[in-house]
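All remarks here apply to the structure that follows.
The values are calculated or read from the model by the stated rules, or taken from the named source; none is laboratory data. This one's a predicted model, so the numbers in the text were calculated from it and none came from an experiment. With ideal geometry, Cβ positions are generated from the backbone for all residues, glycine too; neighbour counts draw on all protein chains shown. When the accessible area is computed, the model is the full protein with side chains, heavy atoms only, and any ligands, DNA or RNA have been set aside. Shrake-Rupley method; radii C 1.70, N 1.55, O 1.52, S 1.80 Å.
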Amino acid sequence: MPELPEVEVVRRGLNDHVVGSVLHRVEVLHPRAARRHEPGSLDLESRLAGTEVRAVDRRGKYLWLVVAPPGADVTRAGAAEAAEAAEAIVVHLGMSGQMLVQPTTAPAEKHLRIRVDLGDDRELRFVDQRTFGGWAVADLVDSGGTLVPAPVAHIARDPLDPLFDVEQVVATMRGKHTEIKRALLDQTVVSGVGNIYADESLWRSKIHGARLTDSLTRPALRRVLHHAHAVMGEALAQGGTSFDALYVNVNGQSGYFDRSLAAYGQEGLPCPRCGAPIRREKFMNRSSFSCPRCQPRPRVRRA
């Protein structure tokens with residue numbers, strides 16, 4: 001699944017190429033691409049046709065386009081009034097979703113699911129090989145002083161958000177009795193961190209993912225969050241992490257941060273810090289990667 005840096009790469013590309021464009025015609029070419037939009041494909045097409053893209057926003061791994069009728073004022077002082085004038089296209093990238101901006105003359109991609117005519121010889125295309133992603137139209141609501149789509153309102157701010165409150169997140173983690181990696185992956189605690197960047201943050205912090213949050217000091221938790229911010233910022237600067245051709249920006253280009261990973265996916269390779277072979281362990285139907293020397297497992301207390 002794409003994590004914060006990969007989604008932010010897509011957001012920036014859409015912001016540069018789509019904001020200000022009118023969606024002249026919207027075609028849903030596969031019903032699964034609109035399955036999260038309860039009124040169905042035809043309603044999604046009719047509600048979006050003729051609207052203008054005003055902004056492209058993100059919270060954690062959640063991406064959306066703010067759309068409104070051309071000329072509608074969405075910059076009003078009151079959040080409630082502004083929300084009434086606009087809606088959001090919530091984009092679920094799933095495991096293989098791509099948002100591409102293509103010339104209208106470009107051949108249709110094999111797994112093209114939604115096509116949008118931008119009216120200037122360009123199209124916005126949603127391509128999704130595995131069909132786990134899709135679009136849905138949602139109302140905007142006020143969440144902590146920020147307008148977000150209603151389905152995203154429960155999602156916590158992410159470490160790259162200017163309003164991210166480190167001390168509040170530390171307090172929340174300290175109040176839980178759970179493994180630190182599980183807390184990092186809990187999008188209601190801190191959003192945007194997935195399996196890759198959780199492992200990288202914990203490796204940099206020299207903390208095993210099975211350590212309990214209420215056993216860690218506040219400085220240790222701050223250190224983990226600091227490293228989450230740092231590693232995702234570095235990944236963003238390199239276009240994100242791409243292990244195959246599915247994670248691309250709006251121009252179809254892949255990121256290359258996978259070359260800089262210290263722990264994730266590095267089983268058997270020497271730890272860049274101490275040289276011990278990186279180990280892989282089962283975790284929540286997936287894998288965790290860590291250094292057995294730098295990140296010792298917590299001891300199990302016997303009753």
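Quick look at the numbers
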read-out: Pairs, first at pLDDT below 65 in region 222-250, second in a loop (DSSP other than H, G, I, E, B) and of a type in the set (Val, Ile, Thr), C-beta under 9 Å, six or more apart; value: Tyr247/Thr241; Val250/Val18
read-out: The listed residue being open to solvent by 60 Å² or more (accessible area, probe 1.4 Å), among the hydrophobic types (A, V, I, L, M, F, W, C), modelled with pLDDT under 95 and more than 30 Å from Val193 (Cα to Cα), out of Ala85, Ala77, Ala72; value: Ala77
read-out: All helices (runs of 4 or more DSSP H) inside region 95-208 with 3 or more residues being of a type outside the set (Asp, Glu) and surrounded by fewer than 17 Cβ atoms within 10 Å (Cβ to Cβ); value: 166-174
read-out: Per-region count, region 57-69, residues in a strand (DSSP E or B) and without any contact (Cβ under 8 Å) to a residue 24 or more places away in the chain; value: 1
read-out: Residue selected from region 171-216 under the condition small (Gly, Ala, Ser) and farther than 20 Å from Cys294 by Cα, by the criterion farthest from the chain's Cα centre (by Cα); value: Gly175
read-out: Cβ-Cβ under 6 Å pairs, at least 6 apart or on other chains, region 183-212 side free of Cβ contacts under 8 Å to residues at least 40 places away in the same chain, far side of a type in the set (Ser, Thr, Tyr); value: Ala183/Thr213; Val189/Thr172
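Yes/no matrix, rows are residues, columns are (1) touching a Pro at 6+ places or on another chain (Cβ under 9 Å); (2) touching a residue at least 40 places away in the same chain (Cβ under 8 Å); (3) open to solvent by 30 Å² or more (accessible area, probe 1.4 Å); (4) not in a loop (DSSP other than H, G, I, E, B):
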| position | (1), (2), (3), (4) |
| --- | --- |
| Glu6 | no, yes, no, yes |
| Val10 | yes, yes, no, yes |
| Ala33 | no, yes, no, yes |
| Leu42 | no, no, yes, yes |
| Arg47 | yes, yes, yes, yes |
| Ala55 | no, yes, no, yes |
